[in-house]
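These notes concern the structure reproduced below.
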Amino acid sequence: MLEVLIEPLQYGFMQRSLITAVLVGIVCAAVGSYLMVQRFALLGDAISHSVLPGLAIAFMIGADIFVGAFIAGVVSTVVITWIRTRSQIKEDAAMGIVFSAFFALGITLITVMEKDNKIDLNHFLFGNILSVTNEEVINTAIITAIVLSIILLLYKELMYYTFDPLGAKAAGLPTNLLNFGLMILIALTIVASLKGVGVILVLAMLITPGATAYLLVHRLHQMMILGSALGVVASITGMYLSYFFNLPSGPA
């Protein structure tokens with residue numbers, strides 16, 4: 001049994017992949033817990049799809065795709081907020097409009113680039129965790145540390161806003177700023193997860209661990225801890241299944 005656990009660790013690419021998978025499992029569950037409490041699973045889906053044009057443009061100009069994805073995610077949150085506050089369109093409809101438009105733009109840009117560059121659309125959509133570099137592992141670790149630090153520092157404020165937005169506003173909390181900050185955290189989390197699971201499957205990492213924990217515990221911090229543990233176990237299990245049964249690493 002021990003040999004089975006140790007064998008994949010002999011390879012550098014598996015070591016990097018497992019570290020990335022653990023980091024993604026932790027940060028996605030922590031941020032996803034807020035989405036579960038707010039019943040805003042669609043928000044994670046919207047932002048994850050919206051980063052695709054940022055990835056494509058960054059790749060075209062030779063910039064860091066993490067930066068491009070983050071900028072696109074932030075722009076999408078600004079557009080969603082603008083549509084929601086400046087029109088009669090409800091937030092869920094605004095999210096649907098924005099993520100459909102951004103995703104279509106991203107697919108178009110990548111399809112055009114495929115004609116001139118040797119790139120694989122599947123790597124953007126479903127990730128390629130086995131090819132992560134040391135630099136990408138460090139980037140993922142830094143983003144994870146930033147997101148978790150903000151959650152710890154603003155835990156009470158974010159919890160109050162998440163459970164009772166009207167009460168938080170009446171108490172004098174900057175609810176618009178908290179809402180935008182939460183969207184930024186989601187965007188950062190998605191950026192951290194891109195190399196591992198891509199823009200399509202990241203929603204599963206955001207929602208599934210938190211949803212499972214939501215059924216078992218009743219406090220937000222417990223949901224985050226249990227969800228993170230489930231995310232880590234699922235990520236490691238998936239990587240081992242991928243290694244021994246030759247399965248796609250992202251979906252596994």
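Just a few scattered comments:
- Screening the chain for whole DSSP H helices of 20 Å or more along their axis (Cα) with average Kyte-Doolittle hydropathy at least -1.0 returns 12-38, 65-86, 91-114, 134-153, 175-216, 220-245.
- From the largest down, the chain spans 57, 46, 26 angstrom on the principal axes of its Cα atoms.
- Around the Cα centre of the range 40-245, unit charges on the Cβ atoms of Lys, Arg, Asp and Glu (plus for the first two, minus for the last two) sum to a dipole of about 380 debye.
- Close Lys pairs in the chain (alpha-carbon distance under 28 Å; sequence gap of 8 or more, or different chains): 5.
- Ranking T175, L216, A229 by Cα position along the charge dipole of the chain, where only Lys, Arg, Asp and Glu carry charges on their C-beta atoms, puts T175 farthest toward the positive end.
- Relative exposure of S149, S131, S249, S193, judged by other C-beta atoms within 10 Å (fewest first): S149, S131, S249, S193
- Just checking the listed ones, L215, L230, L130: in the Gaussian network model of the chain with Cα springs under 10 Å, the one fluctuating most is L215.
- Cα-based radius of gyration of the range 44-86 once divided by 2.2 N^0.38 Å, which approximates compact folds: 1.20
- Here is the tail figure for the range 197-238: Cα pairs spaced more than 15 Å apart come to 39 percent of all pairs.
- Among P165, P53, P209, residue whose mean-square fluctuation peaks in a GNM of the chain (springs only between Cα atoms under 10 Å): P165
- Residue among L5, G96, N246 farthest towards the positive dipole end of the chain, charges placed on Cβ: G96
- Counting beta carbons within 10 Å around each of R86, R16 and listing the fewest first gives the order R86, R16.
- Rounded if a/c under 1.5, otherwise prolate or oblate - the range 4-99, Cα gyration tensor axes: oblate
- Here the Gaussian network model covers the chain, with springs between Cα atoms less than 10 Å apart; of H49, H123, H218, H218 fluctuates the most.
- Look at where the Cα atoms of the range 133-160 and of the range 73-110 average out, and the two centres are 25 Å apart.
Laboratory data are not the source of any read-out in this text; all were calculated from the coordinates shown. Being a predicted model, the structure only gives us computed values, none of them experimental. Cβ coordinates were reconstructed from backbone atoms using ideal geometry, including for glycine residues, and neighbour counts include every protein chain displayed.
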